[in-house]
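*Asks:* Just dropping this structure here.
The values are calculated or read from the model by the stated rules, or taken from the named source; none is laboratory data. Note that the structure is a prediction, hence the values are computed from the model and not measured. No Cβ is skipped: glycine too gets one built from the backbone with ideal geometry, and neighbour counts run over all protein chains shown.
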């Protein structure tokens, strides 16, 4: 996480594979310490979820903009996008899970209501107002959360018979949009940061540094396809029968004859 400017940020996260987890995973502790650990864990879920959305949306946009690149490895691109989206949707579901014993944004609000004195950087009245505002935000997530929950329960975690019996109807019920996912993670992040502020006087920018490094991979493919066309035209002295990418190559290789003509 990047450090927020308003507060001294003493929190860190570490990446383990595709996951982002809190560094401090000691067990036990006081109720306040356990609350702080749960808070960090949920914030890390927001960080990871936003990263998955950024990567999936970025790759999907690049493929849509340049069909030549999309056809280089369509299976890889497609499964990569779906894997990131499935993970993001599952994390969105878990943040607002309705299971009674789940650790969620709402379960932290329940604890906050019962333990107002635990928050040393806010008066009880302010804590109550934060909880009230947070619950209103969650109520506004009813519509975007509905398809997320349906998708998890009927496809991601289980195989609903409707998949075979009436896939068109099921698709409508589980249709999750980019906007709805962004809305869910944004709201969760705002609520958790407010709890973090009044608990530890700390807020965080809930993003993974380097979440856009997929752009380098896409650019390498673009450069390779340009080089492939260059080599063909050099070897055979005629226009290449297969197209160049719509996207420009990197500046490091823009000295080619083709780029000079553009």
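*Asks:* For residue 223, are the conditions met, namely being under 30 Å from residue 68 (Cα atoms), outside the structural domain of residue 154 (by TED's automatic domain parsing) and loosely packed, with under 11 Cβ neighbours inside 10 Å?
*Replies:* So residue 223 fails the test.
*Asks:* While we're on this one: Give the residues of the range 52-71 that are without any contact (Cβ under 8 Å) to a residue 60 or more places away in the chain, in contact with a helix residue (DSSP H, G or I) (Cβ under 7 Å, 6 or more places away or on another chain) and over 16 Å from residue 226 (Cβ atoms), sorted by residue number.
*Replies:* First, pick out the residues of the range 52-71 that are without any contact (Cβ under 8 Å) to a residue 60 or more places away in the chain: 52, 56, 60-61, 63-64, 70-71.
From what is left, the residues that are in contact with a helix residue (DSSP H, G or I) (Cβ under 7 Å, 6 or more places away or on another chain) are 52, 56, 60, 63, 70.
Within the range 52-71, 52, 56, 60, 63 qualify.
*Asks:* Only one residue in 148, 202 is buried (at least 16 other Cβ atoms within 10 Å of the Cβ) and part of a loop (DSSP other than H, G, I, E, B). Which one?
*Replies:* On the way: 148 fails: part of a loop (DSSP other than H, G, I, E, B).
None of the other options fit; the residue is 202.
*Asks:* So which of 131, 148 ends up being more than 30 Å from residue 30 (Cβ to Cβ) and at pLDDT 95 or above?
*Replies:* Numbers: 131 fails: more than 30 Å from residue 30 (Cβ to Cβ).
Testing whether each residue is more than 30 Å from residue 30 (Cβ to Cβ) and at pLDDT 95 or above leaves just 148.
*Asks:* How many residues are more than 30 Å from residue 220 (Cβ to Cβ) and either touching a residue at least 12 places away in the same chain (Cβ under 8 Å) or surrounded by fewer than 13 Cβ atoms within 10 Å (Cβ to Cβ) (or both) when one looks only at the range 72-101? Steps first, please.
*Replies:* Going residue by residue through the range 72-101, those that are more than 30 Å from residue 220 (Cβ to Cβ) are 92-101.
Of the ones still in play, those that are also either touching a residue at least 12 places away in the same chain (Cβ under 8 Å) or surrounded by fewer than 13 Cβ atoms within 10 Å (Cβ to Cβ) (or both) are 92-96, 98-101.
Within the range 72-101, residues that are more than 30 Å from residue 220 (Cβ to Cβ) and either touching a residue at least 12 places away in the same chain (Cβ under 8 Å) or surrounded by fewer than 13 Cβ atoms within 10 Å (Cβ to Cβ) (or both) number 9.
*Asks:* Would you check if residue 192 is in a helix (DSSP H, G or I), in contact (Cβ under 8 Å) with a residue 24 or more places away in the chain, within 19 Å of residue 60 (Cα to Cα) and under 19 Å from the mean Cα position of the chain (by Cα)?
*Replies:* Criteria not met by residue 192.
*Asks:* Continuing with the same structure: Check whether at least one residue in the range 136-148 is over 19 Å from residue 88 (Cα atoms) and touching a helix residue (DSSP H, G or I) at 6+ places or on another chain (Cβ under 7 Å), and report yes or no.
*Replies:* Going residue by residue through the range 136-148, those that are over 19 Å from residue 88 (Cα atoms) are 136-137, 139-140.
Among the residues that remain, those that are also touching a helix residue (DSSP H, G or I) at 6+ places or on another chain (Cβ under 7 Å) are: 137.
Yes, the range 136-148 contains a residue that is over 19 Å from residue 88 (Cα atoms) and touching a helix residue (DSSP H, G or I) at 6+ places or on another chain (Cβ under 7 Å).
*Asks:* Checking residue 175 against (1) in contact with a helix residue (DSSP H, G or I) (Cβ under 6 Å, 6 or more places away or on another chain); (2) surrounded by 13 or more Cβ atoms within 10 Å (Cβ to Cβ); (3) over 16 Å from residue 46 (Cα atoms), which single condition isn't satisfied?
*Replies:* Tallying (1) in contact with a helix residue (DSSP H, G or I) (Cβ under 6 Å, 6 or more places away or on another chain); (2) surrounded by 13 or more Cβ atoms within 10 Å (Cβ to Cβ); (3) over 16 Å from residue 46 (Cα atoms), residue 175 fails exactly one: (2).
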